[in-house]
Amino acid sequence: MSTVEQFEDMKTEGMVVARTPRQLAFARLRRDYVALASLIFIVLLVLFALAGPLFEAWTGHPVNRSNSTGVDDYTLLPVGPMHGCVNGLASVGERSCFVLGASNNLGFDMLVQLSFGARTSLIIGIVATVLTMLAALLLGVIAGYVGGWTDTVIARLMDIVAAFPFLLFAIAASVAFGASLWFVILIIAFFSWFYPGRIFRGEVMSLRNREFVTAARMLGASNSRIIFRHLMPQLIGPLTVYASLSVAGAIAAEAALSYLGFGLPLEIPSWGRMISDAVPGGLYINAPFLMVFPGTLLVLTVLAFNLLGDGLRDALDPRGGTIL
Amino acid sequence: MIRFLIRRILGGIFVVLVVTLAVFVLFGPVLRWHSNISPARLYAGKNPSPDQIERVSALLGLDKPYYVQYGYTLQRLVLGPTQEERERVCPGSSAAECDQLLGRFGSSFAKQRSVDSLMWSALPVTLSLTLVAAVMWLLISIPIGIIAAIRPRSLFDRVSIVFVLIGQSLPVYYFGLLALYFLAYKYELFPLSGYEPLSNPGQWLYHLLLPASVLALQFAAIYVRITRSQMLDTLSEDYVRTARAKGAGETRIILRHAFRNAMLPIVTMFGLDLGLLLGGAILIEVTFGLHGLGWLAVEAAKRLDVPTTAGIVLFSAIIIVAANIVVDLVNASLDPRIRLE
């Protein structure tokens, strides 16, 4: 069926509706079950992270507190899920009852640590992403809009940051700066901005010579008006896509650093460190749940943000399928 | 072409200079003033007297101003240690003995060895791991990527996309631990950790197979994605249609016409990834107990063995820069348009 016929068809059925690109994108997103499932997972994860204090009260095990009841007297292994819960869930709140088991050989409560670890992951993922995107927008837009030697300098800067071995350098820097939450956030942002920055630079470069920009300039619009009113709205698409992917990247980077034992101070719970806690002495061989719980949550979280990013990319693609 | 090469090499040297400066600032002023850790104190052992710290400081050349120290670090990196430093660090030993103690990257705080010799003994491990993994991921990903591109939206294509997403999101160390649990511990198919030198090829491969596969699967995911999208692009080019119209066989079209032209970005990425991994596949080496460069860097950082960590960061940056230049050269030889530019 040709487009014209399709159009005629719709007219007879009275179905022609004008839709803005944003409405189209939302309509496409609503049909993308994978992206929707990811979004739901992320919402649940946020709730799970917020519920940390509730879990502390429910289980009676404060975060980062070692419990002698969390370690099996005989095997000296962290206790497994539902260990010590004599009457099932009804006995939660007694010191001996661990719903998901203990998370390390000090007898931390797995459920509580997982929830506070989710907090850490989300905070680092979001704050690092905000900083990454601000830096990427600022430098990318300036480089693309101004051009000339400013562009050369910024483009070289991007090349240099891209040439740094991230993990190795982050380890070295964490030795020098010491462990802290801000250090982890800043080092991740520092090594992430160049990639979206290149994308924004390319976008702006191709946009700045288009007719609508020339027209705006001819009407006397200032540079800042052109950038904020005419160029920035065009960048919202790539911005949302790369923000979602960047959250996934930042969460994975923090977990990797914590797994190696660098970056976050010990009092901040982290999934990466929970996995690494299962390694010494081959603890995970006898108690695989020690790595499976934090590991699975980590995989699902990173996957969810990656899938959401992919879904957003498809939804915002102007060449994407028509929604009737 | 020569001018292009010279420009690239000069650019590379500049990047290495920036990295040396960054590392120097981190392990000099930042360590000293932000974290209040003095390398001389670390090197002097437990509870040193101020007098001892001063002597160690002079021994390591840390008593000089920072710019002198940095200048000397660069000079040593390029020309090797001076006679004066050799006599200061290893008085009365022969040249060969002193080489074991002091090299272009300085000497380790934690062990009585030069950073160079530590890195030389770790390099074969990293090199073997990277090469075995690279062969595996190319063998896995390119055929999958090509087949997925030939039949887009088929079941195979969809399965390959799921594979890509999981490979990209699965942290390689967690995957490694799962592989160790099931394949090494439960079914005892592979050793739990360790490395065997190449002099015993069977054991060498046996010890590398599991870590290399885990590493390869992660990279394979990215390569499937890029191969597929490149093949989709080239398969819709005019010259492919022309070749079809002239009656070329499907295999010939896919391999000679489409894949050859899709190869350029794959070669580029392959070179850069090799460069990155040769500086140490940190997570895999730590998880599988392979004592390569990445493992060495982590161990050194944990013991505050500053020169060793700094040496590996520098070495890794040099390799990455070199890989970038090689990739540009290979691209230029593959694509006449780049060469003639």
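Per-structure values
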quantity	calculated
Test: residue in the stretch B:284-297 that is out of contact with any helix residue (DSSP H, G or I) (no Cβ under 6 Å at 6 or more places or on another chain), within 14 Å of chain A (Cβ to nearest Cβ) and touching a residue at least 60 places away in the same chain (Cβ under 8 Å)	yes
Given (1) of a type outside the set (Ser, Thr, Tyr); (2) at positive phi; (3) at pLDDT 85 or above, index of the condition B:Met119 fails	(2)
Residue in the stretch B:38-50 that is assigned to a loop (DSSP other than H, G, I, E, B), touching a residue at least 24 places away in the same chain (Cβ under 8 Å) and out of contact with any helix residue (DSSP H, G or I) (no Cβ under 7 Å at 6 or more places or on another chain) present	no
Test: residue in the stretch A:57-76 that is modelled with pLDDT under 85, out of contact with any strand residue (DSSP E or B) (no Cβ under 7 Å at 6 or more places or on another chain) and hydrophobic (A, V, I, L, M, F, W, C)	yes
Residue in the stretch B:105-114 that is in contact (Cβ under 8 Å) with a residue 40 or more places away in the chain and in a helix (DSSP H, G or I) present	no
Selection from the stretch B:155-174 of residues that are in a helix (DSSP H, G or I) and at the interface with chain A (Cβ under 9 Å from one of its Cβ atoms)	B:Leu165, B:Ile166, B:Gln168, B:Ser169, B:Val172, B:Tyr173, B:Tyr174
Residues that are more than 11 Å from every other protein chain (Cβ to nearest Cβ), part of a helix (DSSP H, G or I) and not hydrophobic (A, V, I, L, M, F, W, C), drawn from the stretch A:263-308	A:Arg273, A:Asp277, A:Pro280, A:Gly281
Every residue from the stretch A:234-275 that is surrounded by fewer than 15 Cβ atoms within 10 Å (Cβ to Cβ), closer than 22 Å to A:Leu131 by Cβ and out of contact with any Ser or Thr (no Cβ under 9 Å at 6 or more places or on another chain)	A:Ile236
Pair list, Cβ < 6 Å and 6+ apart or interchain, from the stretch A:130-147 residues that are modelled with pLDDT of 90 or more and part of a helix (DSSP H, G or I) to residues that are surrounded by 18 or more Cβ atoms within 10 Å (Cβ to Cβ) and small (Gly, Ala, Ser)	A:Leu131/A:Ala189; A:Thr132/A:Ala189; A:Thr132/A:Ser192; A:Thr132/A:Ser246; A:Met133/A:Ala243; A:Ala136/A:Gly197; A:Leu139/A:Gly197; A:Gly140/A:Gly197
Residue satisfying condition, being closer than 30 Å to B:Val326 by Cα and not aromatic (Phe, Trp, Tyr), within set B:Val89, B:Val68, B:Val56, B:Val16	B:Val16
Residue satisfying all of: in the stretch B:182-216; hydroxyl-bearing (Ser, Thr, Tyr) and within 14 Å of another protein chain (Cβ to nearest Cβ); nearest to the chain's Cα centre (by Cα) among these	B:Ser193
Number of the condition not met by B:Val240 [criteria: (1) surrounded by 14 or more Cβ atoms within 10 Å (Cβ to Cβ); (2) touching a residue at least 40 places away in the same chain (Cβ under 8 Å); (3) closer than 24 Å to B:Arg260 by Cα]	(2)
Residue among A:Glu211, A:Glu254 that alone is closer than 30 Å to A:Asn306 by Cβ and acidic (Asp, Glu)	A:Glu254
Filter result for B:Val306 (touching a Leu at 6+ places or on another chain (Cβ under 6 Å) and facing chain A (nearest Cβ under 9 Å))	no
Whichever residue in the stretch B:175-211 is out of contact with any helix residue (DSSP H, G or I) (no Cβ under 7 Å at 6 or more places or on another chain) and outside any helix (DSSP H, G or I) and, among such residues, is surrounded by the most Cβ atoms within 10 Å (Cβ to Cβ)	B:Ser193
Which numbered condition A:Phe108 misses (of (1) surrounded by fewer than 20 Cβ atoms within 10 Å (Cβ to Cβ); (2) within 26 Å of A:Ile275 (Cβ to Cβ); (3) not polar (S, T, N, Q))	(1)
Residue match in the stretch B:103-123 (condition: of a type outside the set (Lys, Arg), more than 24 Å from the chain's Cα centre (by Cα) and within 14 Å of chain A (Cβ to nearest Cβ))	no
Breaking point among (1) exposed (fewer than 15 other Cβ atoms within 10 Å of the Cβ); (2) away from every other protein chain (no Cβ under 12 Å), for B:His34	(2)
Members of the stretch B:311-323 that are facing chain A (nearest Cβ under 7 Å) and of a type outside the set (Ser, Thr, Tyr)	B:Ile312, B:Val313, B:Ala317, B:Ile320, B:Val321
Search result, residues across the stretch B:1-12 that are touching a residue at least 40 places away in the same chain (Cβ under 8 Å) and assigned to a helix (DSSP H, G or I)	B:Phe4, B:Leu5, B:Arg8, B:Ile9, B:Gly12
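Yes or no, residue by residue, for (1) within 14 Å of chain B (Cβ to nearest Cβ); (2) in contact with a strand residue (DSSP E or B) (Cβ under 8 Å, 6 or more places away or on another chain); (3) aromatic (Phe, Trp, Tyr):
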residue: A:Thr132; (1), (2), (3): no, no, no
residue: A:Tyr145; (1), (2), (3): no, no, yes
residue: A:Arg156; (1), (2), (3): yes, no, no
residue: A:Phe166; (1), (2), (3): yes, no, yes
residue: A:Phe169; (1), (2), (3): yes, no, yes
residue: A:Ser180; (1), (2), (3): yes, no, no
residue: A:Leu186; (1), (2), (3): yes, no, no
residue: A:Tyr195; (1), (2), (3): yes, no, yes
residue: A:Phe200; (1), (2), (3): no, no, yes
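The values are calculated or read from the model by the stated rules, or taken from the named source; none is laboratory data. Because the structure is predicted, anything quoted here is derived from the model rather than measured. So basically every Cβ, Gly included, is an ideal-geometry build from the backbone, and we count neighbours across all protein chains shown.
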